[in-house]
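The values are calculated or read from the model by the stated rules, or taken from the named source; none is laboratory data. In this text the structure is predicted, and so the values were computed from the model without any measurement. Note: ideal-geometry Cβ built from the backbone for every residue, glycine included; neighbour counts use all protein chains shown.
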Amino acid sequence: MTTMKTELADGVSFAPTSEQRELRALTREFAENEIRPKAAEYDEHRTHPADVIAKAHELGLMNVHLPEEVGGLGLPAFEGMLIGEELSWGCAGMAVSVVANTLGAAPVLLAGTDEQKREWLPPLIDSPILCSFALSEPDAGSDAARIKTTAERRGNEYVLNGSKMFITNAGHAAWSVVFASTDRAQGHRGLSAFVVPMVADGVVVERHLDKMGQRATDTSAFALNEVVVPAASRLGAEGDGFRIAMQTLDFTRPGTAAGAVGVAQAAYEYAVEYAKERVTFDVPIAMHQGVNFLIADMATEIEAARLLTWQAAWMLDSGYGRKATLYSSFAKRFAADTAMKVTTDAVQVFGGYGYIKEYPVEKLMRDAKLFQIYEGTSQIQRLVIAKEIFLPRGD
Ligand code: CAA
């Protein structure tokens with residue numbers, strides 16, 4: 001019989017420390033006062049939330065995983081989950097604008113030399129600048145190994161050519177980690193990662209994409225036309241790119257799961273309040289089983305998604321290495337699908353009012369959808385989970 005290695009280390013605690021509770025409360029307050037009041041407007045106008053980013057940066061809610069050596073706080077993955085959930089409770093679009101630096105900076109943290117870390121990371125701490133992670137392309141999203149962007153070595157430089165698609169914050173980023181092939185014949189083993197300044201000659205942001213949800217985050221397409229970068233901007237060795245990308249996603253997928261939990265939590269809270277107030281057949285709709293069973297399921301599934309997310313973060317923080325891959329995908333898959341289900345049911349609880357923009361749950365349902373797509377679709381998470389079951393590679 002095939003069994004999955006899901007055993008954990010000694011000692012299990014579901015209680016955040018007092019410092020973690022304080023961080024959570026601080027982030028909730030920020031989300032309530034600085035994010036929620038702007039959520040509908042920024043969503044409608046696709047506003048890049050530069051003001052919110054600047055305030056979050058000032059408060060220390062950005063780049064929290066960067067180590068002390070480069071001026072950061074060096075917080076563990078778990079704290080990142082707490083921040084991600086609360087910001088996303090305020091507005092998923094603005095939350096992603098704030099936390100996507102984690103995705104952009106992770107390859108530098110994972111594979112950069114000390115010199116590269118000193119060059120690219122401290123500026124993120126000094127001011128609210130953005131960075132991005134450029135893996136996806138017009139013809140390669142789920143099948144990341146098929147990217148067509150090339151990086152050709154010429155002396156002590158590389159020349160990059162290609163197109164990147166669906167890149168969070170790329171339209172406002174100072175630099176991007178660009179994945180490109182240095183050897184097409186080698187498939188995924190021929191991919192390499194480069195830090196590319198977005199002001200470099202030949203980098204052209206072509207489109208700010210007009211999305212269904214999470215509209216307050218910039219998602220852009222950009223081209224690389226004969227972009228020259230020094231060889232010193234390559235992260236790791238030639239051919240390390242695919243592994244760097246996968247390890248980055250192992251680290252960031254639980255954060256995305258936390259964002260999905262935040263959206264689901266917001267929808268649940270709105271649904272509970274509405275169900276207590278709205279009266280049909282002479283009683284609040286919360287008295288009808290058709291409604292309160294929906295809400296009971298929401299509460300249960302949100303809690304399960306949150307616990308899976310916390311467990312994935314805990315695995316990352318406890319040095320489980322490649323074994324965390326499985327838990328990252330458990331969390332991302334379940335939390336994303338839970339957010340979609342909970343927000344859809346919240347719209348159902350609100351009935352016709354849920355479907356119009358005057359009420360907040362319509363936006364939450366649109367925002368939830370993206371969690372099932374970016375950082376690997378729910379189907380890709382199942383693929384990763386299935387591979388870990390049948391072809392386990394974790395040590
Ligand atoms: N850690 C380390 N190495 C890993 C790994 C991991 N988690 N996963 C795979 N690898 C290694 C394997 O060990 C294997 O190594 P070898 O070279 O020794 O063979 C190699 O990588 C290839 O692995 P697979 O055979 O499993 O690769 P695959 O081509 O079958 O596909 C996949 C793997 C999981 C489907 C991968 O392509 C994938 O994750 N796709 C989704 C991509 C994704 O999430 N994109 C999102 C982009 S970011 C974003 O959305 C945010 C934004 O800004 C919008």
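Somewhere in region 137-145, is a residue modelled with pLDDT of 95 or more and either closer than 22 Å to ALA232 by Cβ or surrounded by 24 or more Cβ atoms within 10 Å (Cβ to Cβ) (or both)? Looking for residues that are modelled with pLDDT of 95 or more and either closer than 22 Å to ALA232 by Cβ or surrounded by 24 or more Cβ atoms within 10 Å (Cβ to Cβ) (or both), one finds none in region 137-145, hence no.
Candidates GLY319, GLY259: the one that is farther than 19 Å from GLU86 by Cβ and not hydrophobic (A, V, I, L, M, F, W, C) is GLY319. Restricting GLY241, GLY213, GLY259, GLY255 to those that are under 16 Å from ASN169 (Cα atoms) and crowded, with 19+ Cβ neighbours inside 10 Å reduces the list to GLY213. Taking region 78-170 as the region of interest, the helices (runs of 4 or more DSSP H) fully inside it that hold 3 or more residues being more than 16 Å from the ligand (Cβ to nearest atom) and touching a residue at least 12 places away in the same chain (Cβ under 8 Å) are 114-120, 122-126. Based on this model, can you work out whether LEU59 counts as over 27 Å from GLN311 (Cα atoms) and either aliphatic (A, V, I, L, M) or outside the structural domain of GLU362 (by TED's automatic domain parsing) (or both)? When the stated conditions are applied, LEU59 does not pass them. Screening ILE356 against (1) aliphatic (A, V, I, L, M); (2) touching a residue at least 12 places away in the same chain (Cβ under 8 Å); (3) out of contact with any Ser or Thr (no Cβ under 8 Å at 6 or more places or on another chain) leaves a single unmet condition, (2).
Residues that are within 6 Å of the ligand (Cβ to nearest atom) and either in contact with a Pro (Cβ under 9 Å, 6 or more places away or on another chain) or not aliphatic (A, V, I, L, M) (or both) within region 374-386 comprise TYR374, GLU375, GLY376, listed in sequence order.
Take the residues in region 167-198 that are under 21 Å from the mean Cα position of the chain (by Cα) and small (Gly, Ala, Ser), then tell me which one is surrounded by the most Cβ atoms within 10 Å (Cβ to Cβ). Among those residues, the one meeting the criterion is ALA193.
Taking the criterion of being hydroxyl-bearing (Ser, Thr, Tyr) and either touching a Gly at 6+ places or on another chain (Cβ under 9 Å) or over 13 Å from ALA299 (Cβ atoms) (or both), the residues of region 260-274 that qualify are TYR270, TYR274. Selection over region 362-373 of residues that are within 11 Å of the ligand (Cβ to nearest atom), aliphatic (A, V, I, L, M) and part of a helix (DSSP H, G or I) gives a count of 1.
Here is a yes/no grid of residues against (1) free of Cβ contacts under 8 Å to residues at least 40 places away in the same chain; (2) touching a Lys or Arg at 6+ places or on another chain (Cβ under 9 Å); (3) at negative phi:
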{"position": "MET287", "(1), (2), (3)": "yes, no, yes"}
{"position": "GLY290", "(1), (2), (3)": "yes, no, yes"}
{"position": "GLU303", "(1), (2), (3)": "yes, no, yes"}
{"position": "LEU307", "(1), (2), (3)": "no, no, yes"}
{"position": "SER318", "(1), (2), (3)": "no, no, yes"}
{"position": "THR325", "(1), (2), (3)": "no, yes, yes"}
{"position": "PHE334", "(1), (2), (3)": "no, no, yes"}
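Of all the criteria given as (1) within 16 Å of the ligand (Cβ to nearest atom); (2) modelled with pLDDT of 95 or more, the one not satisfied by LYS323 is (2).
Taking region 171-195 as the range and being touching a residue at least 60 places away in the same chain (Cβ under 8 Å) and within 14 Å of ALA223 (Cβ to Cβ) as the test, the residues that pass are GLY171, SER176, ALA180. Please verify whether ALA221 is within 15 Å of the ligand (Cβ to nearest atom), at pLDDT 95 or above and not in a helix (DSSP H, G or I), treating the condition exactly as stated. For ALA221, the condition - within 15 Å of the ligand (Cβ to nearest atom), at pLDDT 95 or above and not in a helix (DSSP H, G or I) - is met.
Let's see how each residue does on (1) in the same structural domain as LEU103 (by TED's automatic domain parsing); (2) of a type outside the set (Lys, Arg); (3) within 13 Å of the ligand (Cβ to nearest atom); (4) under 16 Å from VAL177 (Cβ atoms):
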residue: THR248; (1), (2), (3), (4): no, yes, yes, yes
residue: THR252; (1), (2), (3), (4): no, yes, yes, yes
residue: GLY255; (1), (2), (3), (4): no, yes, yes, no
residue: GLY262; (1), (2), (3), (4): no, yes, no, no
residue: GLN265; (1), (2), (3), (4): no, yes, no, no
residue: TYR270; (1), (2), (3), (4): no, yes, no, no
residue: ALA275; (1), (2), (3), (4): no, yes, no, no
residue: ARG278; (1), (2), (3), (4): no, no, no, no
residue: ILE285; (1), (2), (3), (4): no, yes, no, no
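Just one of the listed residues (GLY104, GLY93) is outside the structural domain of THR256 (by TED's automatic domain parsing) and touching a strand residue (DSSP E or B) at 6+ places or on another chain (Cβ under 9 Å), namely GLY104. A Cβ distance below 7 Å, combined with a sequence gap of six or more or placement on separate chains, defines the contacts here; from region 375-387, residues that are part of a helix (DSSP H, G or I) reach residues that are within 10 Å of the ligand (Cβ to nearest atom) in the pairs ILE380/SER142; GLN381/SER329; GLN381/LYS332; VAL384/THR325; VAL384/SER329; ILE385/LEU326; ILE385/SER329.
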